[in-house]
Amino acid sequence: MQDRQRVVVKIGSSLLANAEHLTLRYAFMHGVMEDIARMREDGVDVVLTSSGSVAIGLSTIGKTPETAGLLDKQAAAACGQPLLMHAYKQIAQEYGFDIAQVLVTLEDLEDRRRFLNVKNTISRLLEHGILPIVNENDSVTTQEIKVGDNDRLAAKVAQMIQADEFVMLTSIDGLYDRNPDDPDAQHVPEVSDVSEYLEVTSQVSELGSGGMLTKMRAANMAQNAGVTTRIGEGLVDRPITAILSGERRHTRCVAIGDPDSSWRIWLTDRLVQVGGLVVGPDAAERLSAGRTAIGREDIVSVQGEFTKGDVLHIFDEAGEELARGMSNFTAAETLLLCRNPDQSPFDLLGYSAAARIISAENMAILKDHHLPWDAPEDDVIMVE
Ligand code: GLU
């Protein structure tokens, strides 16, 4: 357990970029950095996750959010990211500290080894007293292989560094029980079960990729890891510390009390679904009872072009997700093993291998506080 408090702060494009001119809002950035300086003086380690590269870079290439295609957005991110970091650096220097840029891709978070590399880099920056500023490396990622929203990316960072608090700053003072434009909408000060709010939170902000829905998903990832999330307004004085002290109204998504190990947290909270398995009734029963390995005889169908080391979503035949676990085999190998249960892995694959498709130590059973994913309909191959 680290002795200094750790806080991850996420700020979105709609706060950083002036919607009309797509230029940086320096006054806002000053407010945030001044608040971070205050927290640092109070002994808090802060990691900032900042969007804005695409929005800020669009004007450089003469595009708008409406006219930009995917390649334009990748180019815009390459133009905007240095502007963003330059501004942060200048402001941080006024407050006597330094910043560092940490750009990550989906694979850096979904692959365990790369995830640990990022974690080590961020930890070392914090040890040196530098503020890490994390963003997705948008110029090298395409729609299919990206996180897509910095809300969940920041929640991953909060899990990664075992933060105490996760603060998402946005253009509204938190969650409402219906569309906030509705005059009857009520502010929700505290959320335990985010699944109750998934339906009402489908509005997407204009400049960023997030909205309250992705914030709920992100808050769920944080709470699964024992991190409390606070969602509140950014364009105000002392935006972070006034939320953390409870002086300013916001929504607090309460952390669960007894989180799993960091390995199981990483296994459970996925950013994309690369593959899945449907298991028969015996295996489903075993998983529901908390007994965990998956053998070749358990599998009814295989979904997706997964590879060895990918984390799979495991469903029962009714489509209910039960668990997630890291595969010992590729999708093709899994099918071969399942279709020939009497032959040894060595005979089938040409190398000695574990007899289990997913080993017990690489499996995480979903609990009530996890948000399950839907069973995919495409790309499903029956074993028999
Ligand atoms: N990474 C994107 C950017 O910097 C933003 C993603 C988001 O809006 O959440 O522009």
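We did not get these values from a lab; they are worked out from the coordinates using the rules stated. Bear in mind the structure is a predicted one, so any value in this text is a computation, not a measurement. With ideal geometry, Cβ positions are generated from the backbone for all residues, glycine too; neighbour counts draw on all protein chains shown.
Which peptide among 84-90, 254-260 comes first, and what is the full order, when sorted by highest mean count of other Cβ atoms within 10 Å?
Ranking, from highest mean packing down: 84-90, 254-260.
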> Hey, what number do you get for the chain at 222 nm if only DSSP H runs of n ≥ 4 count, each worth -39500 (n - 2.57), divided across all residues, to the nearest 500?
Replying inline: -9500 deg cm²/dmol
>> Give the aspartates and glutamates reachable from K89 as a straight Cα distance under 14 Å; neighbours fewer than 8 places away on the same chain don't count.
In response: E34, D98
>> From Cα pairs below 8 angstrom and at least 6 apart in sequence, can you work out the relative contact order of the range 68-145, rounded to a whole percent?
In response: 43
> Measuring from label point to label point, each 7 Å out along Cα→Cβ, what is the D368 to H187 span in nm?
Replying inline: 2.9
> Which ³J(HN,Hα) values, rounded to whole Hz and listed in residue order, are derived for the range 267-276 from phi using the Karplus coefficients 6.51, -1.76 and 1.60 in 6.51 cos²θ - 1.76 cosθ + 1.60 with θ = phi - 60°, glycine and proline given as x?
Replying inline: 4, 6, 8, 9, 9, 9, 9, 8, x, x
> Can you give the Kirkwood hydrodynamic radius for the range 1-157, in Å, rounded to one decimal and based on Cα pairs?
Replying inline: 16.0
> Short version: ³J(HN,Hα) in whole Hz for each residue of the range 342-356, in order, from phi by Karplus 6.51 cos²θ - 1.76 cosθ + 1.60 (θ = phi - 60°), x for Gly and Pro, what are they?
Replying inline: 8, 9, 6, x, 4, 5, 7, 10, x, 8, 6, 8, 4, 7, 8
> In percent, what relative contact order does the chain have, based on Cα pairs under 8 Å that are 6 or more apart in sequence?
Replying inline: 14
> Just in the range 1-47: which GluC sites (Glu not before Pro) are loop by DSSP and have at most 11 other Cβ atoms within 10 Å?
Replying inline: E20
>> To make sure I understand the rule: partners must be lysines, Cα under 16 Å from the Cα of K156, and not fewer than 8 residues away in the same chain. Which ones qualify?
In response: K10, K119, K146, K215
